[in-house]
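Here the structure is laid out as structure tokens; the discussion comes afterwards.
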Amino acid sequence: TDVVLDVRDLRVEYVNGTSRVPAVNGVSLRLRRGEVLGIAGESGSGKSTLAYAITRLHKPPAEISQGEIVYTNADGSTVDVLAMRDDELRGFRWEELSIVFQSAMHALNPIMRIGEQIEDVLKAHRPGMSTQERAARIVELFGIVGIPADRSGSYPHELSGGMRQRAMIAVGLALDPEIIVMDEPTTALDVVIQRQIVEKIMELKDKLGFSVIFITHDLSLLIELSDTIAVMYGGKIVEMTAADDFYRQPRHPYSRGLLASFPTLGGAKRELTGIVGSPPDLRHMPGGCAFHPRCPLAFDACSSTQPPLYQVTRTSGGTAEAACLLFADGADGTTTQNELAM
Ligand code: SF4
Ligand code: MG
């Protein structure tokens, strides 16, 4: 398979004096070319920390203490993102991987015309480009995202919210990256416009052929738009599966609870009614399966044995990976899963 980004056993810790709190704890995942990989989980599950670590935009006290992030170039050569020097990283971030924050005001420079912001990126990373070529590229990018060419001289505050988002996407796409990382919005207002940004990105993905890592707690949006879904809990991936299968037959008890909180796709999000209790305190992780204090199916071994990701065969014939002892030794967990069906 054509893997473009291979994250191996990544660990990110928040360091404070002698205390080290793992926010991402041994995460492995693979992003395939052209694929949308959705990462789900409650606040504090580690999904944003993971996104920032993948792009190496994490800041102290967060520290990557273990793992590899292998990026495969279009020509098949590979680079370890964690081994890159700062100057290599700056190029990598624009050329290969770009981040689209879902809050346009944070991503654009408020005192620079939007055309100039793109021009700046081109000047810095495409020194061989002539002024005319840069101007042509700006027009092309505006066309791709649907901004009228005459808005090039506008400042971000002179644009409507929708146009600002498009401008932000245009900046992110300036150097034709292979991967777009989208982190969830942080405010309710952003959530309202999130769908428009996300839909624009997905439309462009098909046209331009990049891959997407999409992080949100909006499970219905995630299922609708992702090819593969990874569910995080307590800094670990607890389920990884094709999005369709995930919706039809989530395997991990936590995934069942998450889905129960989203009764209809596209419908209003509810609180996590499917799961009693709170996410774990990363400083005091429960022993065994981190989900056991909240799990309706917990049994004795769950408080002492930490489940690895087991391969699980689906009744549909597909496979999933689930970190739950119900699936140990090839058990399909069917009986118990049925009991949990609501
Ligand atoms: Fe629940 Fe046990 Fe599975 Fe953890 S290992 S999800 S506590 S059944
Ligand atoms: Mg977050």
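The values are calculated or read from the model by the stated rules, or taken from the named source; none is laboratory data. Keep in mind that what you see is a predicted model, and the values were worked out from it rather than measured. Because the Cβ atoms are built from the backbone with ideal geometry, glycine has one as well, and the counts that use them run over all protein chains shown.
Within the stretch 280-322, if we keep just the residues that are within 19 Å of residue 260 (Cβ to Cβ) and under 23 Å from the mean Cα position of the chain (by Cα), the residue that is nearest to ligand 1 (Cβ to nearest atom) turns out to be 291. Consider the stretch 71-95 and keep the residues that are charged (D, E, K, R) and assigned to a loop (DSSP other than H, G, I, E, B). The one that is surrounded by the fewest Cβ atoms within 10 Å (Cβ to Cβ) is 75.
In the stretch 237-258, of all residues being surrounded by 21 or more Cβ atoms within 10 Å (Cβ to Cβ) and more than 11 Å from ligand 1 (Cβ to nearest atom), the one that is nearest to residue 44 (Cα to Cα) corresponds to 237.
Of all residues in the stretch 25-53, those that are within 17 Å of residue 64 (Cα to Cα) and aliphatic (A, V, I, L, M) have Cβ atoms under 8 Å from Cβ atoms of residues that are away from ligand 2 (no atom under 11 Å from the Cβ) and not in a strand (DSSP E or B), 6 or more apart or on another chain, in 27/235.
Scan the stretch 30-47 residue by residue and report those that are within 21 Å of residue 280 (Cβ to Cβ), more than 16 Å from ligand 1 (Cβ to nearest atom) and crowded, with 20+ Cβ neighbours inside 10 Å.
Within the stretch 30-47, the first condition is being within 21 Å of residue 280 (Cβ to Cβ), and the residues that meet it are 39-47.
Narrowing the set further to residues that are more than 16 Å from ligand 1 (Cβ to nearest atom) leaves 39, 43-44, 46-47.
Residues satisfying the conditions are 39, 46, 47.
Is there any pair linking a residue in the stretch 298-324 that is of a type in the set (Asp, Glu) to one that is surrounded by 14 or more Cβ atoms within 10 Å (Cβ to Cβ), with Cβ under 6 Å and at least six apart or on different chains, and which? Note: pairs meeting the criteria are 321/240; 321/309.
Of the residues making up the stretch 234-277, those that are at pLDDT 60 or above, within 20 Å of the chain's Cα centre (by Cα) and of a type in the set (A, V, I, L, M) are 237, 238, 240, 242, 243, 258, 259. Yes or no: residue 156 free of Cβ contacts under 8 Å to residues at least 60 places away in the same chain and within 14 Å of residue 101 (Cβ to Cβ)? Yes.
Any residue at all in the stretch 142-151 that is away from ligand 1 (no atom under 16 Å from the Cβ) and either of a type in the set (S, T, N, Q) or crowded, with 23+ Cβ neighbours inside 10 Å (or both)?
Taking every residue of the stretch 142-151 in turn, at least one turns out to be away from ligand 1 (no atom under 16 Å from the Cβ) and either of a type in the set (S, T, N, Q) or crowded, with 23+ Cβ neighbours inside 10 Å (or both).
Can you tell me which residues in the stretch 198-214 are within 16 Å of ligand 2 (Cβ to nearest atom) and modelled with pLDDT under 90? If you could, list the steps in order and put the result at the bottom.
Start the filter on the stretch 198-214 by keeping residues that are within 16 Å of ligand 2 (Cβ to nearest atom), which leaves 198, 213-214.
Correct list: 198 only.
Within the stretch 58-70, the presence of at least one residue that is surrounded by 17 or more Cβ atoms within 10 Å (Cβ to Cβ) and part of a loop (DSSP other than H, G, I, E, B) is confirmed.
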